[in-house]
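Okay, so here's the structure we're looking at.
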Amino acid sequence: MIGQQHFTYQTIVVAGATGHLGTLIIKELLARHAHVKALVRKDTPLTKTEPLEKAGAVVIPVDYKNTVTLTEALRDTHCVVSALSGLRDVIVDMQSDLLKAALNAGVPRFIPSDYCIDYTLLPDGSNRNLDFRREFSSVIDHTPIHTTSVLNGMFTDLLKGEAPLVLSSLNRVIYWGDADQPMDFTTIANTAAFTAAAAMDSQAPRFLRIAGEVATIRDVQRAASQALGKEFGLFRVGGLGFLETMIRIMRTIAPARNKVFPPWQGMQYLHNMLSGLPKLEPLDNARYPEIKWTKIREVLS
């Protein structure tokens, strides 16, 4: 197993500890016998912090703008894992505050909050949330800290509701463009397990690319039919140009600029995936062979 010699008695800091992904990363780190410090904002309610403490993490309330206290919280840490979620003020500004404190504290490694398709292959402006990640990437790459980004495609869990591809009531899988375009899907749980393993692997490279399943729209159609026990058909709404027009219209009539995932943002992500541009290659699934990858059919069922 790659990096096995680095997998014990490490102190890992997790920022964004009370979010769904952050909580799962902490669970996976504790299962790997890491000492975990969970950073939470000072106004975080006990209902969110108590489960982390009961699990075995040390919860540290922080003010990201206070560099002195944030630096102290990061002392004697092997890796900082960010699972922060938000817009530019979080992904660029708050992560930059976290990075500055990590550098001050002499932390050797940092995993930024990427967990997405390969934004390095996309043009500026094609996806607002990924533009923020690219911006922070250019910040961290100008520092000496050893950085590892985990790229996992799309969270498979979103196919059950938030990503409107599988329409169970209509027995249809809808799409734009090419039904045979391969795309990357990974569950949140698999992403958390892989991130935890990477956090404890001092040899992890700059980018790690994973996919619980590489699937086309036709594969999603087959998975839905098997999982739900009824035959799903395909419905092609139009080409990618038509989807682009829909995104522009949606962004105009319902901009929701302060929301992290307004409907048009999800449509941008879908457009990116269906274009094939951010396809993850090569995949690093085999790096930590203990991880068992969950398929689309298992999630839908």
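The values are calculated or read from the model by the stated rules, or taken from the named source; none is laboratory data. Just so it is clear, the model here is predicted, and its values are computed rather than measured. FYI the Cβ positions are ideal-geometry reconstructions off the backbone, even for glycines, and counts take in every protein chain you see. All accessible areas refer to the heavy atoms of the entire protein, side chains included, with ligands and DNA or RNA removed. Shrake-Rupley method; radii C 1.70, N 1.55, O 1.52, S 1.80 Å.
Pairs over the 23 Å Cα-Cα cut-off, from the set K54/K295; K48/K160; K27/K48; K27/K65: K54/K295; K48/K160; K27/K65.
Accessible surface calculations at 1.4 Å, restricted to protein heavy atoms, place the chain at 45 Å² per residue. Which of (1) 67, 34, 31; (2) 46, 42, 40; (3) 55, 41, 37 is the computed Cα extents along the principal axes in Å for the structure on display? Answer by label: (3). Our note on the geometry: Cα centres of the stretch 11-34 and the stretch 80-154, 17 Å apart. When you count the other C-beta atoms within 10 angstrom of each residue and take the mean per peptide, 117-129, 24-36 line up highest first as 24-36, 117-129.
Pair-distance distribution P(r) for the stretch 1-120, from all Cα-Cα distances in 5 Å bins starting at 0: 2, 11, 23, 25, 21, 12, 5, 1, 0 percent.
Please express the shape of the stretch 198-255 as an equivalent ellipsoid: the semi-axes are the square roots of 5 times the eigenvalues of the C-alpha gyration tensor, given largest first in whole angstrom.
On the way: eigenvalues 203, 123, 23 Å².
After diagonalising the Cα gyration tensor, the semi-axes are 32, 25, 11 Å.
Each principal axis of the Cα cloud of the stretch 77-122 was taken in turn, and the coordinate range along them, longest first, works out to 33, 20, 15 Å.
When the P(r) of the stretch 39-79 is calculated, the portion above 16 Å amounts to 40% of the C-alpha pairs. Grab the DSSP H runs of the chain that are 4 residues or longer, score each as -39,500 (n - 2.57), total them, divide by all residues and round the 222 nm result to the nearest 500 deg cm²/dmol. Computed mean residue ellipticity for the chain: -11000 deg cm²/dmol. The peptide list 167-173, 138-144, 261-267, 183-189, put in order of mean Cβ contacts within 10 Å with the highest first, becomes 183-189, 261-267, 167-173, 138-144.
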